[in-house]
Amino acid sequence: MAARAYWQGQIRLALVSIPVEIYAATRSGAQIAFHQIHQPTGKRVRYEKTVPGLGPVKPEDIVKGFEVSKGDYVLLQPDEIEAVKLESKKTLELTQFVEASEIDVLYYERPYYVVPADDLAEEAFIVLREALRRTRKVGLGQLAMRGREYIVSLKPCGRGMVLETLRYADEVNRAQGYFRDIEDAEPDAELLDLAETLIEKKTAPFKPDSFHDRYVDALERLIEKKKKAKGRHIIEDKEEAPARRGSNVIDLMAALKKSVDTGSAKAPTRKAVAPQTPARKPAARKRA
């Protein structure tokens, strides 16, 4: 395998140990990197690390410090920090198994591919993979990587397995604080039918390669135009934002009907409510 393993160690389930390697399953997408430039001269702005009243300092004279009170720091040397790292713990012990649906999506952080370290580990690896697949469970444990300990989940993925780092409970903001002002009410039945029809109409298999970063594309076009324009000021045309409207049910009804009627999808009908009939059907005598 050409890629370099992100972590090497063993998965332990009771008395069974399986040597494995994990590899990053994702990578950063294309990004446009900017530098800060002094406009009058066109020169790049540089930064120096300085101490007030002293001026610039040497990198070797800088250490890490934790502020215990205003202006008072506990200084830590690199070897002191290194001594408490957990790199030596090369074992992921599966201590619990849960239904995948029990883990809220907010806790998932980053995925990694897990493969057996050698041919001898392959049999036990396959047994664990298939046991997780048959029971439809996710294994949980804690794993030390790069000086930090993570909660991780383990589940089957094709011929291999996927390990995902999870956030700790104190890293996730509780939703109640954000959602408490939203009214707890049942939506209008016809509006709900129209919304469901629109969702069904736009349902399709997930194809990640059909999405791309439009902001990066726009920046690349702007940079190319600026190169050709010799520095002339250029403002890209923006799409006109739709006008904001209040929570008017009539407007929402009209917008949903128009969205559903676009194309071949048919709007749902209910006996209890008689909305204005679409043009392709015989005209109705009554309005909703």
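Of note:
- For region 153-167, the condition holds for at least one residue, the condition being that it is over 30 Å from I81 (Cβ atoms) and surrounded by fewer than 11 Cβ atoms within 10 Å (Cβ to Cβ).
- Single residue of region 163-202 satisfying the filter (β-branched (V, I, T) and part of a loop (DSSP other than H, G, I, E, B)) that is nearest to W7 (Cα to Cα): V172
- When G9 is tested against (1) exposed (fewer than 10 other Cβ atoms within 10 Å of the Cβ); (2) touching a strand residue (DSSP E or B) at 6+ places or on another chain (Cβ under 7 Å), just one condition goes unmet, and that condition is (1).
- Cβ-Cβ under 7 Å pairs, at least 6 apart or on other chains, region 60-84 side on the phi < 0 side of the Ramachandran plot, far side surrounded by 10 or more Cβ atoms within 10 Å (Cβ to Cβ) and of a type in the set (F, W, Y): G65/Y73; F66/Y73; E67/Y73
- Listed by first and then second residue, the pairs with beta-carbon distance under 7 Å, at least 6 apart or on different chains, first residue in region 22-43 and touching a residue at least 40 places away in the same chain (Cβ under 8 Å) and exposed (fewer than 10 other Cβ atoms within 10 Å of the Cβ), second aliphatic (A, V, I, L, M) and assigned to a strand (DSSP E or B), form an empty list.
- Residues satisfying the stated conditions in region 63-95, i.e. part of a strand (DSSP E or B) and surrounded by 11 or more Cβ atoms within 10 Å (Cβ to Cβ): K64, G65, Y73, L76, T91, L92, E93
- Which listed residue, of E109, E93, is in contact (Cβ under 8 Å) with a residue 60 or more places away in the chain and closer than 27 Å to Y168 by Cβ: E93
- Reported count of residues in region 210-240, each being under 26 Å from the mean Cα position of the chain (by Cα) and either part of a helix (DSSP H, G or I) or modelled with pLDDT under 70 (or both), is 8.
- Output for region 118-151, where each listed residue is touching an Asp or Glu at 6+ places or on another chain (Cβ under 7 Å), more than 17 Å from A14 (Cα to Cα) and part of a strand (DSSP E or B): A144
- When region 1-10 is filtered for residues that are among the hydrophobic types (A, V, I, L, M, F, W, C) and over 26 Å from the mean Cα position of the chain (by Cα), the ones remaining, listed by number, are M1, A2.
- A185 vs. criteria under 27 Å from the mean Cα position of the chain (by Cα), of a type in the set (A, V, I, L, M) and modelled with pLDDT of 75 or more: no
- Only one of the listed residues (E99, E122, E48, E60) is over 30 Å from D217 (Cα atoms), loosely packed, with under 11 Cβ neighbours inside 10 Å and modelled with pLDDT of 90 or more. That residue is E99.
- Test result for I18, aliphatic (A, V, I, L, M), in a strand (DSSP E or B) and in contact with a helix residue (DSSP H, G or I) (Cβ under 7 Å, 6 or more places away or on another chain): yes
The values are calculated or read from the model by the stated rules, or taken from the named source; none is laboratory data. What you are looking at is a predicted structure, and each value in this text was computed from that prediction instead of being measured. Every residue, glycine among them, receives a Cβ derived from its backbone with ideal geometry; neighbour counts consider all protein chains shown.
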